[in-house]
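Note sheet for the following structure.
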Amino acid sequence: PGGSVKQDKIQIPFGLNANNDLVHISEAEKGGSYKCLSCSTVLTAIKGQKYAHHFRHYTIVNCNGESIIHKAAKKIILEKMQITSPNGECIHFDSASEEARLDEMKPDVLALIGNSQLIIEIYYTHKVDDDKKEKIKKANISAIEIDLSELSLEDVKNRDSFWLYINDPNHIAWLHEATPPNKVTP
C-alpha cells in the first residue's frame, strides 16, 4: 500500500550523543551528531516518511549492527540501576559496571546489591555457553540472562518499550542462584 511506513527488520534504533548518552531514534534530532555504539563511527538520523525511523552509518562501514542492541541493553540497565528478577522482584543496584573482569569471566553487567554480586548477561544472538555457566556456578555468584532473541521492531519503537521488554521477567532466567548469596569481601 502506498504511503505506509516499511517496518520489517530492526535497523539501528540507538546511538550515542556527544556526551556518550544513549539516544533512541525517537529522541534524536534529524541532522544531529551521533555515533554508533558498536563501531563509534558517525550516525545519521533517518526520520523520513517511507521507512521506519532509524540511525544509519554516515559512511559505509563493516559494523556488526546486532551488537548495538546488546550494548544499548547494557547501557539502559546501567542507567536504570535495577532489573526485575525471574520471579518478578525488583532488584535495585548499589553500583554496577559493564564488562568488568571477575573470576576469569567478563559479565555483560556486574551489579552490586549490598554485599552481594549479580551477573547480568544479555542474549541477543548468543546464549551464555556451558563453560561460562560453569565458571558462574563455581564462583557461586547469582546470575541472570535476559533473552532479547525474539525482539521485534515494535519492542524498540522507543526507549520505554525497549526497557519494558528488557525488564519483563518473562524474558529473564536464572543462570545460577547463589546459596547463600556471594558476598564481596572488603
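What follows draws every value from the coordinates through simple rules; no lab data is involved. Being a predicted model, the structure only gives us computed values, none of them experimental. All Cβ positions, glycine included, derive from the backbone under ideal geometry; neighbour counts span all protein chains shown.
Return the pair list, or none, for Cβ contacts closer than 6 Å from residues in the range 78-95 that are among the β-branched types (Val, Ile, Thr) to residues that are in a loop (DSSP other than H, G, I, E, B), at least 6 apart or on different chains.
Note: pairs meeting the criteria are THR84/ASN167; ILE91/SER85.
What residue, among those in the range 68-97 that are within 23 Å of LEU153 (Cα to Cα) and touching a Cys at 6+ places or on another chain (Cβ under 9 Å), is surrounded by the fewest Cβ atoms within 10 Å (Cβ to Cβ)?
By that ranking, first place goes to THR84.
Select the strands (runs of 3 or more DSSP E) contained entirely in the range 9-67, then report the ones holding at least 1 residues which are more than 25 Å from TYR123 (Cβ to Cβ), touching a Phe, Trp or Tyr at 6+ places or on another chain (Cβ under 7 Å) and of a type outside the set (Phe, Trp, Tyr).
42-46
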